[in-house]
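So the structure is just underneath, and the comments pick up after that.
What follows is calculated from the coordinates using simple rules that are stated; it is not laboratory data. Keep in mind that this is a model prediction, so the values were computed, not measured. Positions of Cβ are backbone-derived with ideal geometry, glycine not excepted, and every protein chain shown enters the neighbour counts.
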Amino acid sequence: MEVADLLLVERCKQDDIEAYEALVDRYRNKILNYVARYSGSTADAEDLTQEVFIKAYLAIKKFRGQCSFQTWLFQIASNVCVDRFRRVRRDRVAYSLDEPVSTEDGEVEREIPDWSGDPESVAESRELQALVQKTLMTLSDKLRAVIVMHDLEGLRYEEIAEVLQIPIGTVKSRLFNARVELRNRLRSYVEGRA
Amino acid sequence: MRCSRVRKLLTDYTDEALSIGVEEQVRQHLGGCRECAALAADLQSAVAALQSLPRLETSPDFTRQLRRHLPVAVALSRRAPARTGLAGWLSYLRSGSPRRFGAVLAPIAVGLSVLLYVWGMHLGLPGVGPATAEPVISEDAYLAAMAREHASYATKQPLADSSAAILRVTLAGTKAP
């Protein structure tokens, strides 16, 4: 654990709200990106992030430093996301890769990028970003959690293992499967439209 | 290095988490194995596609909103204490309606009833526990008892014919054990 985090946590336990705000500033964007990419909803992401930090504040006196503060925060975020998914799952509509893409400028017809070459060169487009996000949502919850934590938020295998309470081998195996699934689904879509 | 071994290492290879020696072995294998090389490229493409997603940032007033929410959340958490332990339950009851008392007292009453019933069985109190079994008697003893009872009845309410005398003889011949 970073010393600064530990010190701030100790001050939080003494009801020092400024110390807690310092921790919030440090991790709010990380948590926001995790919940947004995991839930697929940037609209709800900020509310979910607020919920994560409220729950963390209410429970911080029980935090014993058995893992890093970041890991503990991701455990809470993961639980919040799972709870939210349970509540909305029955109303959830399956994502279709053929439906229009939502962008900041409204819904647009999907423009299929030329992805026959280097995907990095075409990944700049907003449409492809939306496609990647939607494809991400077609992965199972378990695979999506691992790939978002690792490839987007940069958590190490050990940290993900602690967050999800699974062995490191399982983390690697899920990460492998998630990457293969994601690539295959993106490719099958692109080839299907070519 | 075999394909199966290389595939197990591809996640670490993609993340550049292998030691230099092992990474070199994997690279050599990929140079000569088209299938494994394609798989490795797929993994790297997936990571690249994901990392093309833009980084999001919280709204500028995120912390201000949180500061406003926290006291409310703290107050709510104190109003609804976890009902663990005696203190938690007492606190729950103190702030509650008669219905809460009912919800708490009904299971206690049922529990006490069961406890008293079991205790009564243990002490052998009358009316508690299963009915005691009747004693087993032989067929002869049963017939003798029936005859005795019948004769006794006939003696008290004698018949006008000779059967009363016969029954008296029967009664005299059967003694209680």
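Just a few scattered comments:
- Residues A:TYR157, A:TYR34, B:TYR142 arranged by fewest to most Cβ contacts within 10 Å: B:TYR142, A:TYR157, A:TYR34
- The stretch B:3-51 - charge dipole about Cα centre, Lys and Arg +1 at Cβ, Asp and Glu -1, debye rounded to 20: 200
- The stretch B:3-51: equivalent-ellipsoid semi-axes (sqrt of 5 x gyration tensor eigenvalues, Cα, Å): 17, 13, 8
- Proximity of backbone amide H atoms, modeled 1.01 Å from N, is registered between A:LEU155 and A:HIS150 at under 5 Å, excluding neighbours fewer than 5 places apart on the same chain.
- Karplus 3J(HN,Hα) series, Hz, for the stretch A:132-137 with 6.51 cos²θ - 1.76 cosθ + 1.60 (x for Gly, Pro): 4, 4, 5, 5, 4, 6
- Cα→Cβ-extended label distance, 7 Å offset, between B:ALA109 and A:ARG86, nm: 3.3
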